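Read through the structure below, which is laid out as structure tokens, and then see the notes.
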Amino acid sequence: MGALRLPSLTSLSSAAAAAVVPRYYFCRQLRLPLRSLSAAKFSVQSSTVEKEIAATTPELEASSQKPKLQPEKDRVITPRSKDFNAWYLDIIANAELADYGPVRGTMVIRPYGYAIWEAIQDYLNVKFKETGHSNMYFPQFIPYSFIEKEASHVEGFSPELAVVTIGGGKELEEKLVVRPTSETIVNHMFTQWIHSYRDLPLMINQWANVTRWEMRTKPFVRTLEFLWQEGHTAHASPEEAEKEALQMIDVYTKFAYEQAAIPVVAGRKSKVETFAGAAKTYTIEAMMGDRKALQAGTSHNLGQNFSRAFDTQFMDENGQRQHVWQTSWAISTRFVGGIIMTHGDDVGLMLPPNLAPIQVIIVPIWKKADEKVGVLSAASTAKEALQAAGIKVKIDDSEQRTPGWKFNFWEMKGVPLRIEVGPRDVSNGSVVVSRRDIPGKQGKVFGISMESSTLVAYVKGKLDEIQSSLLERAKTFRDGNIVDVSSYSELKEAIAQGKWARGPWSASDSEELKVKEETGATIRCFPFEQPEGTKKCLMTGNPADEVAIFAKSY
């Protein structure tokens, strides 16, 4: 591929300045302990760093060496209550979820992190096909003229575009956009495939990467390039398109609750927050551990905005030409970040069993050589029984680490259940089972029978309990941090306390922007679940049909 030329190079000046400063300088500025190279790399990308690029100290300027990996015993995790951002970066580095790529703002997803994304894919892929969608793939290079066809779309995405102007060493006749989203190229192809009402509905999905030139990055949550699925559909009527858009946000909502154990709030975006080029945007909003909102998935009713721009028409049953009605919907790898920030604690990750790459870790324990064979045999038998029952299980039989180190390591990786097998357990025909979501002795149960059917039933039951427990815990946290407000002063107070504010709203777009300017909060959504009774707008006092949720967000 040819050189990438961005719409605005001046906006990258802070990134250029950052390149000359040693990585460990940023660690000092963010007060992250120098535990590992990965954590240091993450800190380079934070927005806080860009604001703190001051003069380097003489001793740092004199050194050109990168920080070395510290002994693993020093790799503690910053307490969540002390520095939420540092805690988040520490977990990603130490749990080996991801690392930064050589290009600023890019992310390398490591096997364990990618396995979580695969679990998300596995569930959603089935749901998409059950609802009549087929997978396909579109090119990542899009002619710039396509982006320009829909006015609000180009206006919304222009600051984030990565543009290719040189290919094969020559200036291109038309510059190309590296896919930020695919509505335009999809419409170009739909125009060629759709001719009659018999061709509708056309419902497809693709699993792909997209590029958005973000200046403030955070692993999984906001990166230059990320992975997602994007569904695109075309319909013969506005009613069909609206039904589709609502159906897909419902799929996302069920996924969040049932698989990720995240109690999202589903609703409609305000006009100000609606996707560029859409008639309506529906969203699921999740409350993170720092009480910020994460837009975890969206579904857009595009109306006829793109079909008119691209002249995507069909012949209806009466022989009349009409423009199709469309939708698009997506969920991305930012959901992995949402899982971390919803369930994680000071120990590390806490993964919901339904999405955990490893649901059960078996740690065999022995001291003497003559104990080893019996312990490993029992561990292997337990693994085979659980694996045959469809449980994702692994044995950590490495001899380089102590059992205590293994306990801590797999707890940090968020594995829901740990099974311990020692010589005494082998003699008794039993095992010890520890839950990740209940720390210490309280979460540990002794004397669970090794008999296959008993062990499998017990483990399945505990995994279900953990899944439910994580959801209920997150619900309690969310509900305890949403404040019902009836005036602008109450809204400002709630936001100042770091909470979500919920109140009646019928004010103008300009007044919505005023809230953002003065509080940093935006309307996350008008929830589908609305209270009954008459309401007065918290800003104007005029009648209001709906309540809105305001919050600061990622």
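The values are calculated or read from the model by the stated rules, or taken from the named source; none is laboratory data. Just so it is clear, the structure is predicted and the values come from calculations on it, not from any experiment. Quick reminder, even Gly has a Cβ in these numbers, built from the backbone with ideal geometry, and neighbours come from all protein chains shown. With ligands, DNA and RNA removed, areas are computed over all heavy atoms of the protein, side chains included. Shrake-Rupley method; radii C 1.70, N 1.55, O 1.52, S 1.80 Å.
Just a few scattered comments:
- In this structure, the amide hydrogen of Thr217, modeled 1.01 Å from its nitrogen in the peptide plane, lies closer than 5 angstrom to those of Ser47, counting only residues at least 5 positions away or on a different chain.
- Environment charge at Val432 (Cβ cut-off 15 Å; Lys +1, Arg +1, Asp -1, Glu -1): +4
- Set the Cα radius of gyration of the chain against 2.2 N^0.38 Å, with N its number of residues, and you get 1.07.
- DSSP beta bridge pairing in region 398-546, given as percent antiparallel to the nearest 5: 75
- The aspartates and glutamates whose alpha-carbon is closer than 17 Å to the alpha-carbon of Lys441, local same-chain residues fewer than 8 away aside, are Glu411, Glu420.
- A simple rule links phi to the HN-Hα coupling: the Karplus curve 6.51 cos²θ - 1.76 cosθ + 1.60 with θ = phi - 60°, which for region 214-225 gives 6, 9, 10, 10, 8, x, 6, 6, 8, 9, 4, 10 Hz, with x for Gly and Pro.
- With the Kirkwood sum run over all distinct C-alpha pairs, region 397-554 has a hydrodynamic radius of 19.7 Å.
- Residue-wise HN-Hα coupling along region 157-166, computed from phi with Karplus coefficients 6.51, -1.76, 1.60 (Hz; x: Gly, Pro): 9, 3, x, 9, 6, 9, 10, 9, 10, 10
- Three-way shape call for region 179-316 based on the alpha-carbon gyration tensor, with the a/c threshold at 1.5: prolate
- Rounded to 5, the percent of DSSP beta bridges in the chain classed as antiparallel: 80
- Taking amide H as placed 1.01 Å from N in the peptide plane, Ile362 has its amide H under 5 Å from the amide H of Lys394, Ile395, Asp396, Ile419, each at least 5 places away in sequence or on another chain.
- Using the 1.4 Å probe convention, the accessible area of the chain works out to 45 Å² per residue with neighbouring protein chains retained.
- Structure note, pairs Lys127/Lys462; Lys82/Lys413; Lys127/Lys514; Lys254/Lys492; Lys175/Lys254; Lys218/Lys413: Cα-Cα distances above 30 angstrom occur for Lys127/Lys514; Lys254/Lys492; Lys175/Lys254.
- Residue-wise HN-Hα couplings along region 540-554, as the Karplus relation 6.51 cos²θ - 1.76 cosθ + 1.60 with θ = phi - 60° gives them from phi, are 10, x, 6, x, 10, 8, 9, 9, 10, 10, 10, 6, 6, 9, 8 Hz; Gly and Pro carry x.
- Placed amide H near Asp345: partners under 5 Å, 5+ positions off or other chain: Met350
- The chain: DSSP helices with Cα axial extent of at least 18 Å and average Kyte-Doolittle hydropathy no lower than 0.0: 369-388
- Sorted peptide list for 475-484, 388-397, 323-332, criterion being average Cβ within 10 angstrom, highest first: 323-332, 388-397, 475-484
- Residue-count net charge about Arg110 - beta-carbon cut-off 9 Å; Lys, Arg +1, Asp, Glu -1: -2
- Cα convex hull of region 359-473, projected area averaged across orientations, nm²: 6.8
- Relative packing of peptides 450-460, 85-95 - highest average C-beta neighbours within 10 Å first: 85-95, 450-460
- For the chain, with all protein chains in place and a probe radius of 1.4 Å, 50% of the accessible heavy-atom surface sits on carbon or sulfur.
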